[in-house]
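**Q** Take a look at the following structure, please.
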Amino acid sequence: MGLSFLGLSSLLCALGWRMVNEPQLTVGSFAPETILAPTDAVVIDQEATTVARENVRQQSIQIFQNLEDRNGRVLQRLEGTLQEGDGLFASLGALPYMNTALVSTAHQQALRALSSATWSALKANLSESDPPDSLDPDLIKTLERLSQNRPAPVVAEALAQIEEAQTRYRTAMRLLASAPASFTPETLELTPQQWEQVRQSSVQVSRQLLAVGIIPGLPEELRLRGINALIDPRINGISRRLITDLVSAVVEPNLKVDRFASLIATDLQAQSVSPVTIPIKQGQLLIQQGQPVTPRLFAILDQLSLTKRQVNGWGVFGLASLLLTMAMAFRWGQKLLQVSLQLKDLGLLQVLALTTALAGTLLPEGWSQLIPLALLGLLVGNYYGSRLGVLTVVCLTPPLLFSWSLTHPWTALLPIVSGGIVAAILVDSVRSRAQIALAGVGVATVQTALHLMLALWSRGWAGWEEHLALPALFYLGGGLLWSVVALGLSPYLETIFDVVTPVRLAELSNPNCGLLKRLVTEAPGTYQHTLFVANLATAAAQVLGDNADLVRVGTLYHDIGKMKRPQYFIENQMGLPNPHDQMDDPWHSTQIIRDHVTDGLKLAKQYKLPRVIRNFIPEHQGTILIAYFYHQAKQSNEREVHEEDFRYSGPTPQSRETGLVMLADACEAALRSLNNAPGSDPYGMVRRIIQARWAEGQLADSGLKEHELDTIACTFIKVWKETNHRRIRYPNQPGGVELRRRNLASQSA
C-alpha cells in the first residue's frame, strides 16, 4: 500500500509540476484588463533574439578538415608524371650536345629539331652560291662558319653529333605522343637544368597548395591563379606554363566540410549574439483589455511577473483523480488477467512509469516523438506478458495526455501511444534479444505510418518538409532507439528487480551456462536424472497451461546441491560401493541428503540465480520424510528416533510450478525402475505416489487442484512411454533373427 501511494505521488509530481506555477495569461488567451508597466525595466525580446540568432545560423560557418590520404595520392600522381618527364629528357640527351664554340646552344636546338628532308637539303646546298629561300639563312651561315678553315675530321664529327642529336629528338617526339598532355613539343626546348628547375618547383608548389587546401567546387580559373601565385616569379616562359599544367593536372580537392565542427561553430557564433532588449517605461501600455496574448507579449509580461502565475488547483485535483482512477483500473485489470505481481514487480512498474512521465514532461514539443512509451511497452510486455504490457500503457496514457496537452498536440501523441501498445504485443514470450530488436522495427513502422496518415489528414502536403518528413524521421528513429535502449537496460533491470523473462530463462537453460556445465561434469548421473524430471514436469505444465519454460529451467537447477558430495547419491555411484553402507549412521546420512538443499541454495546465490529459480531447490522436496534412513534408524534401536529429524526443512511448494517438479521428482525413480517390466501397472504406481504427496499436505499451498492429479499422472506415463519405447533387436543379438522374422511377417500381414 505504501509503495502504491509513493508511486502515485511521484507520478503526480512528475506530471503536474507545470500546474504548480501555471500562468493565468497564456498564449492565445485574451487580456481580462488593460495592463500597464508597473515600473521601469529592460526586458529581453525573445522573438527578436531568436530571429537574430537564426540569421547568424543561416550564414553557416564551415569548418574544413584536411584529407591526408588525398594529399599523398596527389603527390604520388605528380611523381609518376615527373618520372615520365625524366624518361623523356633522358631520351632527348644533354644540351648542348657539342662544343658551343662551333655552334651556339640556340642553333644546336634548331638543328636538332630539323626534319630528315630539311637536314639533307641543308647539307646538299652548302656548296651552292645561291641556296633556296626555304632554308633558314641563319642555319646556313652557321654551317658555313663550321666548315670554313677547319679540318675535315672536325667538321665530320660535328655533323655526326648533329645527326645523333636529331635521332634522339625524333625518339623523344615518339615518346611525347604517349606522354601526359602537360608535355608538348615546346617542352623539348628546355635544357636539362631548366627541366630540373621545373621538377623541383612543381613538387614545391603542389605541397604548398595542398597545405593551404583546395575546397570542393573551386573554379578552374581561381585554382590556376593560385598555382601561378605560388610559382617563383623568376620562372617564366615555357617553364612556368609547364609547372602550371603539371600541378593543375594532378591536384584535387583535399578539404572536406566537418559538419559537426561547423554546426558547433555556427551555434557558438549564434549564441554569442547579444539578446535584443526592449526598454520599458513605468506606466507604458503593454496590452489592452480583450487583446489576444501573442508569444512576444507573453514573454514580455512573464518577465515582468504579470502573467499571474499560481497553482492550478483544479488541474492538480483532476490529475490526481485521474491517476487514482487509472491505478484502480490497473489493479482491476491485473486481477482480471490473473497476473500475480510481487512487491518488487510493482516497484519496477512504478519506476518505468515514472521515467516515462518525466521524459514526457521534460522533453520540448519538437522532441515529443521521443517520449518513451514504446520503451515502457517493450520492457513490461517482455517481463510480464503482452496483456499486462498493453494494460500498463493504456492506464498510463490518460494522465500523460492530461499533462501533455499543455505543451503537445494530440496528433503528435497518438502515434506514440500506438507504438507503446504495439511494442507490448510484439514482445510477448520472445525467446531471444534479436526478437526485441525486430519489435523495434515494427514499432517504428507503426508510429511512422500513423503519423503520416494524421499529418496528411490534418494539414495535407503544404509545408511537407517541416510537418511531414522531419517528424516521420523522429518517429522512425524513436522506435529503433527504444528497442536498442530496451536491449541495453534489460540485463540490469532483470538483475536489480530479480525479474525472469523468457529470454533470461533461455539463457539459463543453456548447457554451457557455468552452473549447468559444472553439474554435467561433476555429477553426470544427477544431470541425467534432472533431464528426465524436466521432461516430465515440463510436459505436465504444458498440458495444465502453466509456465513450462520456468518449470524446465527450475528443474535443471533443483538438484545442483548434489555437486558438493555427488558420490552420496545413488544416481552418481555408477555401481561403486554406497558410502552410506560404510557409514552405517542413518542420522548422518540423512543430514548429508538434506544438505544438498542448503548447498544448492548457496550455489544459486553464488551464481546469482533469480529467486524464482532458487525456490525450486527447497520446495521440490518440501517437508517429505527421508523414509529409507528413517526406517533404518527405527530398526537400529541405538537411540530415540524423532520423525522431524528425518524430514526436509521445507517449505512445501508455494507455486504450481514447484509442485509439478516435486511430483515429477518423486515419480522419476519409480518410472525408471519399471523398464517395461511385464505385468507392471505404471499408472497405478504413479497415481499412488502423487496421491501420497497430496495426502501428506505437501501440495496444499501450491495451487494445484485434486482433479488435476489424474491429468498429471497420465502425462507422466505418456512421457515415460515415449522415452522408454521398445526397440527392434538386430540379427546379431540373441533371438534377433527370429524376432526380425516375426516382425517382417506381422508387417506383411
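The values are calculated or read from the model by the stated rules, or taken from the named source; none is laboratory data. All values derive from a computational prediction rather than experimental measurement. Every residue, glycine among them, receives a Cβ derived from its backbone with ideal geometry; neighbour counts consider all protein chains shown. Areas reflect the complete protein model, heavy atoms only, side chains present, ligands, DNA and RNA absent. Shrake-Rupley method; radii C 1.70, N 1.55, O 1.52, S 1.80 Å.
**Q** Normalising by the residue count of the range 175-291, find the relative contact order in percent from Cα pairs under 8 Å and 6+ residues apart.
**A** 31 percent
**Q** Accessible area of the chain with a 1.4 Å probe: how many percent of it is carbon plus sulfur?
**A** Whole-percent figure for carbon plus sulfur exposure: 57.
**Q** If one takes the longest principal axis of the Cα atoms in the chain, at what angle in degrees, from 0 to 90 and to the nearest 10, does the Cα axis of helix 682-695 lie?
**A** The answer is roughly 80 degrees.
**Q** With labels modelled as points extended 7 Å from the Cα through the Cβ direction, what inter-label distance (nm, one decimal) is found for LEU531 paired with LEU304?
**A** 8.5 nm
**Q** Filter the trypsin sites (Lys or Arg not before Pro) in the range 600-682 to those in DSSP coil with at most 11 other Cβ atoms within 10 Å of their Cβ, and list the result.
**A** Passing sites in the range 600-682 are LYS608, ARG639.
**Q** Sequence gap at least 6, Cα distance under 8 Å: using those rules, report the relative contact order of the chain to the nearest whole percent.
**A** 13 percent
**Q** What FRET efficiency do you get for VAL42 and ARG18 if R0 is 25 Å and r is their Cβ-Cβ distance, rounded to the nearest 0.05?
**A** 0.35
**Q** Could you work out the helix-only [θ] at 222 nm for the chain, with each DSSP H run of four or more residues adding -39,500 (n - 2.57) and the total divided by the number of residues, to the nearest 500 deg cm²/dmol?
**A** About -21000 deg cm²/dmol.
**Q** Can you put TRP367, TRP587 in order of accessible area, largest first, using a 1.4 Å probe?
**A** Final ranking, largest accessible area leading: TRP367, TRP587.
**Q** Enter the accessible area per residue of the chain (Å², integer; probe 1.4 Å; all protein chains in place).
**A** 53 Å²
**Q** Distance between Cα centroids, the range 304-359 to the range 226-244: provide it in whole Å.
**A** Using only Cα atoms, the two centres lie 78 Å from each other.
**Q** What longest range of the chain stays clear of loop-exposed GluC sites (Glu not before Pro) (DSSP non-H/G/I/E/B, at most 12 other C-beta within 10 angstrom)?
**A** Between exposed loop sites, the widest span is 129-637.
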